[in-house]
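> The structure follows.
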């Protein structure tokens, strides 16, 4: 099956700054999105800034669609999500990108889904916001709630990408060690602490509980246990086979 | 209690571009963060770009700490999270900002916690990454996994802000309607559909199930129910009191 992300359309209404559009292109490629539509963009969009910020995502810009009105940009869309900014009538009805990303991806199964961003200076107008099926509000601090356009776009793209389930987290290179491997490793540590004379035998149980606590905070892999066991064994060996005679004084 | 976010320190190692630092300042203020430390920044950091991107967050930049080494930047930190980029030895041990944000905030109760970002061109060096207590990897698409520095910072700041629980989502302006209110509204709709002769009485049960389905997809508030009830009542009234005589033809 094709990725649902291919059916998500990022729509920028009356964008002013080329740097932001370039950053949005990069954010889109960082998150598997391809469709970019610009509604009535600033004719003097700074192309040098745009290219500088887009880096290797310039193909997204080159394949953009440019239209004159919001209606043209989203006419075929099954859902139209708009960022509502921080004030106004609709505020109480907005949802966060995280809350609504699964819904938008589900709707992208049948028709394109638009995520619409307003111009840098004023955001979307009320008449435009009225056309939204989903009003997005990005959680932000009340002292300075207004996000940069491309930052807002990145947060939305990132949520859609995570919700798509396409990201595969890198795996640990080896499996977790099993109980037997861990216990054998702790036995070696106990032996090595005895061999180096770290503490009297009657305090060893207490000391080993400390060592167990330190080494059990994360999941130990088979590789981890091999390293730890190797250190303990070599310590025991070295304690019995000094590399050099101690100084005579 | 003071916000734990005040104990989070954003550390930028050898940053090259003023625009990115300005964007990071804005992202920090958007998410309630204050501590910015720059390690050996480019002495020619573009101040015009920086101010343009920082907008009203310039105080974050003005209160920055500048040091020469990573050690100076994070020496007092109880945890040091670093973004590990996309390649290399440590990749298999990294966690996403979302996974580790609660842990970092918890650690910020006792000591400052650093979130460290490398330079734009090369990311952090291996010797630096070795000093991390947490390796962060931002989920991104394998076709173009490399994020812009300030976008990466925003995603991390945003996760910390959400995990802090300080964000209060805007509330619906009225409470959800109760069952009685909804049923009274549906009664009014049934009456009005009868009054306008929308469908024969024997099909009304079926039609009302459709109306219920359409109007029950989201939670109806008390205000919503008032609007819907008002429409139905006025419809019934209008059906019985035509505004004008129908045309004679």
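Any read-out appearing in this document is the output of simple, stated calculations on the displayed coordinates, not a laboratory observation. The shown structure was predicted, so the numbers you read here are calculated from the model rather than taken from an experiment. For neighbour counting, all protein chains shown are included, and Cβ atoms are generated from backbone atoms with ideal geometry for every residue, glycine included.
> Filter segment B:1-10 for residues that are touching a strand residue (DSSP E or B) at 6+ places or on another chain (Cβ under 6 Å) and surrounded by fewer than 24 Cβ atoms within 10 Å (Cβ to Cβ) and give the result. Even if it seems obvious, please write down each step before you answer.
From segment B:1-10, those touching a strand residue (DSSP E or B) at 6+ places or on another chain (Cβ under 6 Å) are B:8-10; that's our starting set.
Listed by number, the list holds a single entry, B:9.
> Let me ask something else about it. List the helices (runs of 4 or more DSSP H) inside segment A:91-200, counting only whole elements, that have at least 3 residues being within 14 Å of chain B (Cβ to nearest Cβ) and in contact with a helix residue (DSSP H, G or I) (Cβ under 9 Å, 6 or more places away or on another chain).
Correct list: A:97-107, A:149-164.
> Looking only at segment A:52-86, which residues are surrounded by fewer than 21 Cβ atoms within 10 Å (Cβ to Cβ) and not in a helix (DSSP H, G or I)?
Listed by number, the residues that qualify are A:63, A:64, A:65, A:66, A:67, A:68, A:69, A:75, A:76, A:78, A:86.
> Moving to a separate point now. Looking only at segment B:215-235, which residues are under 16 Å from residue B:177 (Cα atoms) and assigned to a helix (DSSP H, G or I)?
First, the residues of segment B:215-235 that are under 16 Å from residue B:177 (Cα atoms): B:215-230.
Result: B:215, B:222, B:223, B:224, B:225, B:226, B:227, B:228, B:229, B:230.
> Please determine whether any residue of segment A:163-176 is over 30 Å from residue B:154 (Cβ atoms) and surrounded by 13 or more Cβ atoms within 10 Å (Cβ to Cβ). Spell out the reasoning first.
Applying the first criterion (over 30 Å from residue B:154 (Cβ atoms)) to segment A:163-176 yields A:173-176.
If we keep only those that are surrounded by 13 or more Cβ atoms within 10 Å (Cβ to Cβ) as well, we get A:174, A:176.
Yes: one or more hits.
> I've got another one for you. Restricting attention to segment B:13-27, report how many residues are out of contact with any strand residue (DSSP E or B) (no Cβ under 6 Å at 6 or more places or on another chain) and not in a loop (DSSP other than H, G, I, E, B).
Number of matching residues: 10.
> Now for a separate question. Any residue at all in segment A:142-151 that is over 21 Å from the mean Cα position of the chain (by Cα), exposed (fewer than 13 other Cβ atoms within 10 Å of the Cβ) and more than 20 Å from residue A:36 (Cα to Cα)?
Yes.
> Please name all residue pairs, on different chains or six or more residues apart, with Cβ atoms under 7 Å, provided the first residue is in segment A:34-57 and is within 13 Å of chain B (Cβ to nearest Cβ) and on the phi > 0 side of the Ramachandran plot and the second residue is outside any loop (DSSP other than H, G, I, E, B) and surrounded by fewer than 18 Cβ atoms within 10 Å (Cβ to Cβ).
none
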